[in-house]
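Below is one structure, written out as structure tokens; the observations come after it.
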Amino acid sequence: MNFVSRTISPACFALAAISVLAVQPAQAQSAADTSFFVTSTPIGNGGNLGGLAGADNQCQTLAQAAGAGANASGVKVWRAYLSTQAADGKPAVNARDRIGNGPWKNAKGAVVAKDVAELHGTNALTKQSALSEKGEVINGRGDTPNRHDVLTGSQPDGTAFAAGEDRTCKNWTSSTQGAAMVGHIDRVGLRDDDASKSWNASHPSRGPDGGCSQADLKSTGGDGLMYCFAAN
């Protein structure tokens, strides 16, 4: 009996090891296929994201931590869906021009938009599909705390606002004065209108600190979260 027990036991361990190894590539492949997410955590300094470079770095860092920093073709380039306005002799930047061509999949493998036109048309973004890099649903209206405001600085078609009235917290460098256009991750607002249902252009931020502090962003149902897209 002892001999039989010793011969079976290693076989069982071998089968268990094979099973574990078989599961790991599937998980890695799922993460590698992710090409869209909502940041699970903010930079934490209100509308001062360190400019577009700082915002992109946040997307890249969170993607890598979740195992979505690379695919079979190499390292992914992650970009924040943010526009900037023309200022100091520099032209405006359109969010829609920064994020590649699509299609984009969330952490569960669901396609949220096949291309830029669909993203800014009839896309599949909902509270259940606009997931974090961890595959988690972001709190929306009715949840505590509500985090459905996401920074975009963009018009509904993904283009920048004209120079003048601030809609980008001074091109993502201000944590006091200014305002940032935000969208609703859950596509729900105070009214039953297009703005309340907009994923990228619902209303400007506001608040007692000037409109761009972390406290201001939270006061209207946000947390300084961003949309991140793999541009390649």
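The values are calculated or read from the model by the stated rules, or taken from the named source; none is laboratory data. What you are looking at is a predicted structure, and each value in this text was computed from that prediction instead of being measured. Methodologically, a virtual Cβ is constructed for each residue, glycine included, from the backbone with ideal geometry; neighbour enumeration extends over all protein chains shown.
Please indicate, with yes or no, whether at least one residue in the stretch 200-214 is more than 19 Å from the chain's Cα centre (by Cα) and among the polar types (S, T, N, Q).
Yes, the stretch 200-214 contains at least one residue that is more than 19 Å from the chain's Cα centre (by Cα) and among the polar types (S, T, N, Q).
When Gly140 is evaluated against the numbered criteria (1) under 25 Å from Arg187 (Cβ atoms); (2) touching a Cys at 6+ places or on another chain (Cβ under 8 Å), which criterion, by number, is the only one it fails?
Gly140 satisfies all of (1) under 25 Å from Arg187 (Cβ atoms); (2) touching a Cys at 6+ places or on another chain (Cβ under 8 Å) except (2).
So which residues in the stretch 173-186 are closer than 14 Å to Pro204 by Cβ and either out of contact with any His (no Cβ under 7 Å at 6 or more places or on another chain) or of a type outside the set (A, V, I, L, M, F, W, C) (or both), if there are any at all?
Those that are closer than 14 Å to Pro204 by Cβ and either out of contact with any His (no Cβ under 7 Å at 6 or more places or on another chain) or of a type outside the set (A, V, I, L, M, F, W, C) (or both): Ser174, Gln177, Gly178, Ala179, Ala180, Met181, Gly183, His184.
Could you check how many residues of the stretch 199-232 are within 27 Å of Ser35 (Cβ to Cβ) and surrounded by fewer than 19 Cβ atoms within 10 Å (Cβ to Cβ)?
Qualifying residue count for the region: 2.
What are the residues in the stretch 146-164 that are crowded, with 18+ Cβ neighbours inside 10 Å, in a loop (DSSP other than H, G, I, E, B) and of a type outside the set (Lys, Arg), if any?
Within the stretch 146-164, Asn146, His148, Thr152, Gly153, Gln155, Gly158, Phe161 qualify.
Pick out the one residue from Ala32, Ala16, Ala66, Ala11 that is closer than 26 Å to Glu133 by Cα, among the hydrophobic types (A, V, I, L, M, F, W, C), surrounded by fewer than 20 Cβ atoms within 10 Å (Cβ to Cβ) and modelled with pLDDT under 95.
Ala32
Which number in (1) farther than 15 Å from Ile99 by Cβ; (2) in a loop (DSSP other than H, G, I, E, B) marks the one condition that Asn200 misses?
(1)
If I filter the stretch 69-91 down to residues being surrounded by 17 or more Cβ atoms within 10 Å (Cβ to Cβ) and among the small types (Gly, Ala, Ser), which single residue comes out as nearest to Leu225 (Cα to Cα)?
Ranking the qualifying residues of the stretch 69-91, first place goes to Ala80.
Being within 22 Å of Asp209 (Cα to Cα) and in a loop (DSSP other than H, G, I, E, B) is the filter here; which residues of the stretch 175-193 pass it?
Ser175, Thr176, Gly178, Ala179
Would it be correct to say that Asp143 is out of contact with any Pro (no Cβ under 7 Å at 6 or more places or on another chain), at positive phi and without any contact (Cβ under 8 Å) to a residue 24 or more places away in the chain?
No, not satisfied.
Go through the stretch 55-98 and give me each residue that's assigned to a strand (DSSP E or B), small (Gly, Ala, Ser) and touching a helix residue (DSSP H, G or I) at 6+ places or on another chain (Cβ under 7 Å).
Result: Ala70, Ala80, Ala87.
Considering (1) modelled with pLDDT of 95 or more; (2) surrounded by fewer than 24 Cβ atoms within 10 Å (Cβ to Cβ); (3) assigned to a loop (DSSP other than H, G, I, E, B), say which one Ala130 fails and leave the rest.
Just one mismatch for Ala130, condition (2).
Which residues, counting only those in the stretch 203-232, are outside any loop (DSSP other than H, G, I, E, B), among the small types (Gly, Ala, Ser) and at negative phi?
Of everything in the stretch 203-232, those that are outside any loop (DSSP other than H, G, I, E, B), among the small types (Gly, Ala, Ser) and at negative phi turn out to be Ala215, Ser219, Gly222, Ala230.
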